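Note sheet for the following structure.
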Amino acid sequence: MSVKRYFYKMTFIPFFKNTTRNEILFQILLHIVVFLFFSFDRYEPEIQGFKIVTFLNYALGALVINYVLLPRFFYQKKYILFFCCVAVLVSIIMAFEELVLEQIYYPDTRAKFFPGVVYSLLDVMPVILILVGFKFAWDASIKQLEVEELRTSVKESELLFLKSQINPHFLFNNLNNLYSYAIEQSPKTPSIILELSSVLRYMLYDCRAKFVGLGKEIEHLKNFTQLNELQIEERGKVSFQTKHIKDNYEIAPLILSVFIENAFKHSTASQADGIFIDVNISLDDKGCLNFECRNSFLETTNTDKLSHGIGLQNVKKRLQLLYPNAHKMYINEDQNIYYVHLKLMLTQGSI
C-alpha cells in the first residue's frame, strides 16, 4: 500500500463520502445549539474566546469519534480497541486544554493548578457525549430505514415470484383443455378462446398492481368460472353468486381464483357425473369479504393432496404476506364435499 493511499484510508475522507446533505445540516445545527448551551453564562453573557476554542477542541474530538472510531472500530464490533482509542483521545483533549489553551488565556490563574482528572472529565465529557450520542442515534435511524427498505424489497420480490407461479399454472391447464376441444373440433372452441383471452388479459395487464378493485377481481372470477364451466358440459352444475360487492374496496389479485381452479380440477378428475361447484362471495358493512367454495369429489380417487397442492400453498403464502393479521381460512373435507371458507378484511382504495 502506498503512503498516499494509506494516508487517504486513515483520514476522515472515506467516512465523509457517504455523508448526506441532511446529516451535514443536522450536525451544523446540533453544534450551534450545543455551543450556545456550553458558552452560556448568566454572569458573563458575552461569548469568550476561550469558550470558542475549547468547544472547537471538544468538537474536533467528537468528530474523530463520530467519523473515524465509530465506523472503523465500534461498528466493526472491535469494542475494546474503540474504547481504548476514545480514552487516549479524551486524554489528548484534556491535556491540550490544560497545557495549551489555559496557558494562553489564563496563565496566571487556571493554568497554575490542575483541578484533577474527575473535574476535567466532567468538563469535557458532556459535550462529547452529546455530539457522539446524536451521531450514533442518526446512524441507528439510517440503518433502521435500510433494514425496512430491505424487508420491503424482499417481500415485494417474494410476492412477484408467487404471482408469477400462478399464471403458467393456469395457462398450462387451460391450454390442455383447449387442445382437447380443438382435436374434437368442438363448436365451443371459439367460446373457450374468447373466455381465455379475457382472463389472460386481466392476468397480464390489469393485475400488475399489488391491489386491484374488488369489482374487477369479481368480474375476472366470473370469466374464470365460465371458462372452466365449459369442461363440465352436462355432467353437473356450477353456481357463482355475489352479494353486496362494492367497487371502492381493494383486494390482492388472483387470491381467490386458486380455490375455484382447484374445485374444478378435483371435481372433474374424480367424477364422471353428478358434479357440483358452488361459489358464494359477499361483503359486509365492515369491509370483511366472505368467500365460500364447495365442490364435490369422490374419495375413491387420490384426494390426499387436495389440501397440499402447489397452488394452495402459493395462496397461503401470499395471504401471510399481504394479510398477516387480516384473514382467516377454514378448509374441510367431509362426506365427499370439499369446503373452503376464507375471510379477508379489505381496505378501501381510490378506485
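Among the residues of region 309-327, are any closer than 28 Å to residue 234 by Cβ and at pLDDT 85 or above?
no
Mind counting the residues in region 111-139 that are surrounded by 11 or more Cβ atoms within 10 Å (Cβ to Cβ) and closer than 13 Å to residue 27 by Cβ?
The qualifying residues number 9.
Among the residues of region 249-259, are any crowded, with 21+ Cβ neighbours inside 10 Å, in a loop (DSSP other than H, G, I, E, B), of a type outside the set (Lys, Arg) and on the phi > 0 side of the Ramachandran plot?
Within region 249-259 (the criterion being crowded, with 21+ Cβ neighbours inside 10 Å, in a loop (DSSP other than H, G, I, E, B), of a type outside the set (Lys, Arg) and on the phi > 0 side of the Ramachandran plot), the answer is yes, since at least one residue qualifies.
Can you find even one residue in region 72-87 that is assigned by TED's automatic domain parsing to the domain that holds residue 19, closer than 20 Å to residue 119 by Cβ and either surrounded by fewer than 18 Cβ atoms within 10 Å (Cβ to Cβ) or in contact with a His (Cβ under 8 Å, 6 or more places away or on another chain) (or both)?
The answer is yes, given that some residue of region 72-87 is assigned by TED's automatic domain parsing to the domain that holds residue 19, closer than 20 Å to residue 119 by Cβ and either surrounded by fewer than 18 Cβ atoms within 10 Å (Cβ to Cβ) or in contact with a His (Cβ under 8 Å, 6 or more places away or on another chain) (or both).
Out of all the residues in region 224-244, is one or more in a strand (DSSP E or B) and acidic (Asp, Glu)?
no
The values are calculated or read from the model by the stated rules, or taken from the named source; none is laboratory data. Computed from a prediction, not measured in an experiment: that's the story for all the values here. Note: ideal-geometry Cβ built from the backbone for every residue, glycine included; neighbour counts use all protein chains shown.
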